[in-house]
1. Within region 75-111, restricting attention to residues that are basic (Lys, Arg) and more than 20 Å from residue 61 (Cα to Cα), which residue is farthest from the chain's Cα centre (by Cα)?
2. Look through region 1-15, keep the residues that are surrounded by 12 or more Cβ atoms within 10 Å (Cβ to Cβ) and free of Cβ contacts under 8 Å to residues at least 60 places away in the same chain, and return whichever of them is nearest to residue 112 (Cα to Cα).
3. Residues being closer than 14 Å to residue 114 by Cβ and over 18 Å from the mean Cα position of the chain (by Cα): count how many of those fall in region 33-59.
4. If the requirement is being out of contact with any Lys or Arg (no Cβ under 6 Å at 6 or more places or on another chain), loosely packed, with under 15 Cβ neighbours inside 10 Å and either touching a residue at least 60 places away in the same chain (Cβ under 8 Å) or part of a helix (DSSP H, G or I) (or both), which of these qualifies: 193, 188?
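The values are calculated or read from the model by the stated rules, or taken from the named source; none is laboratory data. Just so it is clear, the structure is predicted and the values come from calculations on it, not from any experiment. As a convention, Cβ positions derive from the backbone with ideal geometry for all residues, glycine included, and neighbour counts pool all protein chains shown.
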Amino acid sequence: MNQHYENLVHKLEEIAHLGGVMSTLGWDQEVMMPAGASDARAKQISALAGVIYERMTDPALGDCLNELNAQDLAALGEAERCNIREAQRSYELETKVPKRLVQELAELGSRGHGVWVMARQDNKFADFAPVLKCFLQLKTEWAQCVSPEMAPYDANIDLFERGTTMTMITPIFERLKQELIPLIHAIQDHSYQPDTSFLQGRFALDKQ
C-alpha cells in the first residue's frame, strides 16, 4: 500500500478512536453520571475536543494529504480515493476554525444538555433559552469561519446534509406544519383520552 496512504489511515484511525472516547463520555453523561459531576465533565469534553482538533488540523496531516493529491490517485481504489477526498474536506474545514471556538462549543454542548434536561422536566423553556442563545451565537461564528459566503444556517446544514439549504427544506417543513398542527390539535381536543398511566411506575428489574 502507498506509504503516504498508510500514514493517512493511521492518523484517521487515531482521530476516530478519540472520537469514540468522546462518544463514551457523552453516553456516560446521559446514562450513568451523577448530576453533580456535570461541570467536571464539561471541562473534560472541552479538553478532549481540543486534542481531537489538534489531531485534525495537524500540519503533518496536511502534508500527507498534499503528497497524496500530488500523485496519480487513479492508481488507488475508489474507497481509498473517497477517504482522501473526505479527509481533505475535513482538514480544510477544521483549519478554518480556531481551537478556542471548538472547545467552547463542546463545553457548552455538555453543560447545555444538563440544563435542557431540567428545563424539559419542569416545562420551563426560559431556563434553557440563554444556553440556546449562546449556542446560536457560537454556531453563527463557526459558520462565518468556514463558509462566510453562505447563510449561517446553510453552512451548518451543509455539515450534515451536504448541498442542502434552507431554500430546499423550508417548503418541506411548511407542508408538514399544514397537516400536523391541525392533527395534533384535533387529538388534544378529542373527547377520548387514552389511559397512559401504564407508562409510568416502578418495575422489578428482573421483569424489565
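1. Going through the qualifying residues, I end up with 100.
2. 15
3. Number satisfying all stated conditions: 8.
4. Exactly one residue qualifies, and that residue is 188.
Every residue, every condition in (1) in contact with a strand residue (DSSP E or B) (Cβ under 8 Å, 6 or more places away or on another chain); (2) on the phi < 0 side of the Ramachandran plot; (3) among the hydrophobic types (A, V, I, L, M, F, W, C); (4) modelled with pLDDT of 95 or more, yes or no:
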site	(1), (2), (3), (4)
139	no, yes, no, yes
143	no, yes, yes, yes
146	no, yes, yes, yes
158	no, yes, no, no
168	no, yes, yes, yes
175	no, yes, no, yes
